[in-house]
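Notes follow the structure.
The values are calculated or read from the model by the stated rules, or taken from the named source; none is laboratory data. Computed from a prediction, not measured in an experiment: that's the story for all the values here. Note: ideal-geometry Cβ built from the backbone for every residue, glycine included; neighbour counts use all protein chains shown. Only protein heavy atoms, including side chains, enter the accessible area calculation; ligands, DNA and RNA are left aside. Shrake-Rupley method; radii C 1.70, N 1.55, O 1.52, S 1.80 Å.
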Amino acid sequence: MKQNSLTGFVNEVIVGLQQEGRFATANIYKYALRAFTQSVGGGEIFWGGLSRQALRHFQTYMEGQQKSYNTISTYIRALRAVYNRAVDLGLVKGEFRLFAKLKTGVASEKKLAVTASQMKKLVHAPGAEQLPTKVRQAQDILSLMVLLQGMPYTDLAHLHKSDLNGTLLTCHRQKTGTELCVKVVPEAMELIERYRNREAASPYLLNILSSTCSEKAAFEEYQRKLRDLNLQLSKLPALCGVEGIKVSSYTARHTWATLAKYCQVPEEVISEGLGHSSLEVTRTYLKSFGGDELEKANRIIIDYISTGNKNVWSRA
């Protein structure tokens with residue numbers, strides 16, 4: 001272990017994270033180190049190079065690169081996490097408030113949700129058969145995520161065959177490990193059947209991911225599939241005649257939550273805040289609600305998108 005080198009220590013932490021299968025976190029640390037190194041002109045960085053002045057310069061450098069607030073915050077928090085780990089190991093003497101007054105929060109910079117009428121055009125626009133094959137498949141995935149209570153793409157892609165029992169889908173979130181139960185509506189079941197994994201040896205419900213990859217290769221495959229999905233979804237608005245919006249894998253979840261709020265579904269049943277901590281709290285007490293409550297909320301939102309008729313919770 002290079003006790004006098006920030007660069008060496010971060011690289012060792014990255015290797016450790018990869019060995020634990022935490023490839024997403026390892027990538028964040030790798031990109032944060034790369035950006036910080038570029039900001040100081042390259043080369044190996046020793047612990048003395050991690051100073052208030054260097055961190056302020058790094059933030060200014062990233063702003064000059066036109067990086068978003070959340071990207072800057074993510075990289076600074078990664079550096080802070082590594083620094084705190086080094087302090088705990090006694091590799092460096094901790095400096096009080098070294099990361100104070102830097103961007104370390106989370107900002108909602110983009111409108112990620114679309115209106116019910118926009119979503120209807122995106123997923124039900126006539127002439128879908130004329131769309132390029134990959135765009136049409138992305139359209140189906142977007143629709144399926146909405147139909148499954150705004151399910152994130154990572155959870156959808158990692159669904160197992162054993163998660164589906166009749167019309168009840170029970171899975172665990174990839175990020176939190178908490179349980180989610182969804183009553184699969186007929187519209188969603190039709191799409192599940194269309195993209196069902198037919199390989200007997202594969203554990204996956206849908207034909208999105210392979211089952212023969214190593215852990216690292218599986219992560220890289222998922223990242224490739226996510227990038228391709230977002231590329232195809234970015235083409236969807238123009239092809240469906242919906243101007244002035246951007247669509248990505250986040251759109252389904254944010255739209256579901258926003259429309260649920262607009263239809264006056266109780267806060268205890270929907271996830272208002274999509275941030276990690278508040279989302280975790282919401283999911284914790286969602287467990288106390290029966291499946292009928294969630295099914296009712298989901299049906300209200302699906303009907304609102306399909307018909308344009310807004311039924312508030314009290315009337316459902």
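For the reader, a short list of remarks on this structure follows.
- Flag if residue 128 is at pLDDT 90 or above, open to solvent by less than 70 Å² (accessible area, probe 1.4 Å) and not acidic (Asp, Glu): no
- Selection from the range 161-202 of residues that are touching a strand residue (DSSP E or B) at 6+ places or on another chain (Cβ under 7 Å), under 22 Å from residue 301 (Cα atoms) and in a loop (DSSP other than H, G, I, E, B): 167, 173, 184
- When residues in the range 31-58 are screened for being among the aromatic types (Phe, Trp, Tyr), under 17 Å from residue 8 (Cα atoms) and either in contact with a helix residue (DSSP H, G or I) (Cβ under 6 Å, 6 or more places away or on another chain) or outside any helix (DSSP H, G or I) (or both), 3 of them pass.
- Residue count for the range 150-173, restricted to those that are open to solvent by less than 20 Å² (accessible area, probe 1.4 Å) and either free of Cβ contacts under 8 Å to residues at least 60 places away in the same chain or hydrophobic (A, V, I, L, M, F, W, C) (or both): 7
- Restricting 75, 61 to residues that are over 21 Å from residue 175 (Cα atoms) and either in a helix (DSSP H, G or I) or over 21 Å from the mean Cα position of the chain (by Cα) (or both) narrows the list to 61.
- Enumeration of residues in the range 249-265 that are of a type in the set (Gly, Ala, Ser) and over 21 Å from residue 138 (Cα atoms): 260
- Qualifying positions in the range 211-236 - of a type outside the set (S, T, N, Q) and more than 21 Å from residue 137 (Cβ to Cβ): 215, 216, 217, 219
- Residue 156 being assigned to a helix (DSSP H, G or I) and out of contact with any Lys or Arg (no Cβ under 7 Å at 6 or more places or on another chain): yes
Residues checked against (1) over 30 Å from residue 222 (Cβ atoms); (2) open to solvent by 70 Å² or more (accessible area, probe 1.4 Å); (3) in contact with a strand residue (DSSP E or B) (Cβ under 6 Å, 6 or more places away or on another chain):
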{"site": "5", "(1), (2), (3)": "yes, no, yes"}
{"site": "23", "(1), (2), (3)": "no, no, no"}
{"site": "28", "(1), (2), (3)": "no, no, no"}
{"site": "45", "(1), (2), (3)": "yes, no, no"}
{"site": "56", "(1), (2), (3)": "yes, yes, no"}
{"site": "66", "(1), (2), (3)": "no, yes, no"}
{"site": "75", "(1), (2), (3)": "no, no, no"}
{"site": "90", "(1), (2), (3)": "yes, no, no"}
{"site": "105", "(1), (2), (3)": "no, no, no"}
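- Residues of the range 7-21 classified as in a loop (DSSP other than H, G, I, E, B) and either buried (at least 20 other Cβ atoms within 10 Å of the Cβ) or of a type in the set (Asp, Glu) (or both), total: 1
- Look at the range 112-128: where a residue is free of Cβ contacts under 8 Å to residues at least 60 places away in the same chain and a partner is open to solvent by less than 70 Å² (accessible area, probe 1.4 Å) and assigned to a helix (DSSP H, G or I), sitting 6+ places away or on another chain with Cβ atoms under 8 Å, you get 128/139.
- Flag if residue 249 is in contact (Cβ under 8 Å) with a residue 60 or more places away in the chain, small (Gly, Ala, Ser), within 28 Å of residue 23 (Cα to Cα) and outside any helix (DSSP H, G or I): yes
- The single condition from (1) modelled with pLDDT of 90 or more; (2) within 22 Å of residue 106 (Cα to Cα); (3) assigned to a loop (DSSP other than H, G, I, E, B) that residue 83 fails is (3).
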